[in-house]
Amino acid sequence: MAAAARGMRLALALTLSATALLGCSKIKTREPATLVPIAKTQVQPDGIWTRGIGNGSAGYYSGLRLTLDEDALFTASVDGRVYALNPKNGDLIWRSKTQARVISGPTVSGDLVLVGTLDGEVIALKRATGKELWRARAPSEALAPPVGSGNIVVAKSSDGREYGLDAGSGERPQ
């Protein structure tokens, strides 16, 4: 008897599902609006300068970004290069070759330029010169750009953990 009741419920569920699907097929949908060319655009951006930087993220999901400060534009590439450019003309201020697979950042915190790597590191560079100041191990890939405030640098790794580092040394507080 129980098997027969289950079979009847299954048949009823299938019938209701099929009826619902049939009803959906008869719904009229709106056609998309026809795109009309804009006769006169109101905004005409002027390019001041352009510059190619490395190979970007090389197809990886990344947190790479541009960071603009008052006297420099900072950018990075997954090939490990970090750049400081003059924002007025694109001239190179400095380039640092970290020998790491940079995947997030750069961000600026005081005198530091911070990047994260695919190999689970946070790297701090001297803002004025690009010289490496320290490297700290992360639990896993540092996909989110590291950020700093005062004496602390906070990083988040791909495993969801967030951790603090001493901005002067990169060491984790005990």
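Among the residues of region 41-52, is any charged (D, E, K, R) and farther than 20 Å from GLY110 by Cβ?
Looking through region 41-52, at least one residue is charged (D, E, K, R) and farther than 20 Å from GLY110 by Cβ.
Can you find even one residue in region 159-172 that is touching an Asp or Glu at 6+ places or on another chain (Cβ under 8 Å), at pLDDT below 90 and open to solvent by less than 70 Å² (accessible area, probe 1.4 Å)?
Within region 159-172, not a single residue is touching an Asp or Glu at 6+ places or on another chain (Cβ under 8 Å), at pLDDT below 90 and open to solvent by less than 70 Å² (accessible area, probe 1.4 Å).
Can you pull out every residue in region 33-81 that is of a type in the set (Gly, Ala, Ser) and either under 16 Å from ILE123 (Cβ atoms) or loosely packed, with under 11 Cβ neighbours inside 10 Å (or both)?
ALA33, ALA39, GLY47, GLY52, GLY54, GLY59, SER62, GLY63, ALA76, SER77, GLY80
Got a sec? Which strands (runs of 3 or more DSSP E) wholly within region 76-174 have at least 3 residues that are of a type in the set (D, E, K, R)?
Output list reads 132-137.
Looking at (1) in contact (Cβ under 8 Å) with a residue 12 or more places away in the chain; (2) in contact with a Leu (Cβ under 9 Å, 6 or more places away or on another chain), can you tell me which one VAL154 breaks?
(1)
Being surrounded by fewer than 18 Cβ atoms within 10 Å (Cβ to Cβ) and aliphatic (A, V, I, L, M) is the filter here, so list the residues in region 107-132 that pass it.
Correct list: ALA128 only.
SER140: out of contact with any strand residue (DSSP E or B) (no Cβ under 7 Å at 6 or more places or on another chain), closer than 25 Å to TYR61 by Cβ, surrounded by fewer than 22 Cβ atoms within 10 Å (Cβ to Cβ) and among the small types (Gly, Ala, Ser), yes or no?
It is true that SER140 is out of contact with any strand residue (DSSP E or B) (no Cβ under 7 Å at 6 or more places or on another chain), closer than 25 Å to TYR61 by Cβ, surrounded by fewer than 22 Cβ atoms within 10 Å (Cβ to Cβ) and among the small types (Gly, Ala, Ser).
The values are calculated or read from the model by the stated rules, or taken from the named source; none is laboratory data. Everything quoted here is computed from the prediction, not taken from an experiment. All Cβ positions, glycine included, derive from the backbone under ideal geometry; neighbour counts span all protein chains shown. These accessible areas exclude ligands, DNA and RNA; they are computed on the full protein's heavy atoms, side chains included. Shrake-Rupley method; radii C 1.70, N 1.55, O 1.52, S 1.80 Å.
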